[in-house]
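The values are calculated or read from the model by the stated rules, or taken from the named source; none is laboratory data. Please read all numbers here as calculations on a predicted model, not as lab measurements. Every residue, glycine as well, gets a Cβ built from its backbone with ideal geometry; the counts of neighbours run over all protein chains shown. Each accessible area value is taken on the protein alone, full model and side chains, heavy atoms only, with ligands, DNA and RNA left out. Shrake-Rupley method; radii C 1.70, N 1.55, O 1.52, S 1.80 Å.
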Amino acid sequence: MKKILFIDRDGTIVKEAKTPDYVLDTFEELEFYPEVFRYLGKIVRKLDFEIVMVTNQDGLGTKVLPEITFWNIHNKILKAFENEGIVFSKVFIDASFPADKKPTRKPGIGMVTEYIDNPNYDLKNSFMIGDRLTDMEFAKNLGAKGIFINNNEVLGATEIHSKVEDLQKHIALRTSSWKEIYEFLKN
């Protein structure tokens, strides 16, 4: 059975945009997470995980985040990883807003139904890597474990304190280092 690393995009493999709405909409704002190429590359080459991107992109296709802007930046991100031998087997994008409460929006698992109850995948030994508590809730809802990239740049202390306690048993690692993620998964 295949293990999966479900990986968030913004705040996890690329830095969260430092704009009021956290929307990555210019190439000038595009900054890759430190050491992500080195250590995600090692994970891909040395460990037995399929990698899948799972990202919420609020309002994709609206004035807030026009399709052309999003796809130009997103495809550049994917190409940069591909150039380093890191290819996501699937990329799932939910364009809804939180208020829409769609099952395809993380922490809902509607985007990844093809992995649920599929005997080819070992979700119990799979991980969701993300920087938001909704990513950790996604892991919980999927029956996987969470790796919480807790960089505290976006999340407020109150949100972290109140929700982390509830999700603690589903968080296998809290870190801000891709090296630590690799070492944890290797062991």
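Observations on the structure shown:
- For V54, the stated conditions do not hold, so it cannot be described as over 21 Å from V14 (Cα atoms), buried (at least 20 other Cβ atoms within 10 Å of the Cβ) and at pLDDT 95 or above.
- Taking (1) within 21 Å of K145 (Cβ to Cβ); (2) within 18 Å of the chain's Cα centre (by Cα); (3) free of Cβ contacts under 8 Å to residues at least 24 places away in the same chain in turn, N75 satisfies each apart from (1).
- Residue count, segment 25-48 (criterion: touching a helix residue (DSSP H, G or I) at 6+ places or on another chain (Cβ under 6 Å), outside any loop (DSSP other than H, G, I, E, B) and open to solvent by less than 40 Å² (accessible area, probe 1.4 Å)): 3
- In segment 121-140, the residues that are closer than 12 Å to K2 by Cα and aromatic (F, W, Y) form Cβ pairs under 6 Å with partners that are in a helix (DSSP H, G or I) and open to solvent by less than 50 Å² (accessible area, probe 1.4 Å), at six or more places apart or across chains, as follows: Y121/Y115.
- Qualifying residue in segment 62-81 (condition: in a strand (DSSP E or B), closer than 22 Å to M111 by Cβ and not hydrophobic (A, V, I, L, M, F, W, C)): no
- Some residue of segment 88-98 being of a type in the set (V, I, T), within 24 Å of Y39 (Cβ to Cβ) and out of contact with any Leu (no Cβ under 9 Å at 6 or more places or on another chain): no
- Tally, over segment 1-24, of residues that are part of a loop (DSSP other than H, G, I, E, B) and either open to solvent by 60 Å² or more (accessible area, probe 1.4 Å) or basic (K, R) (or both): 7
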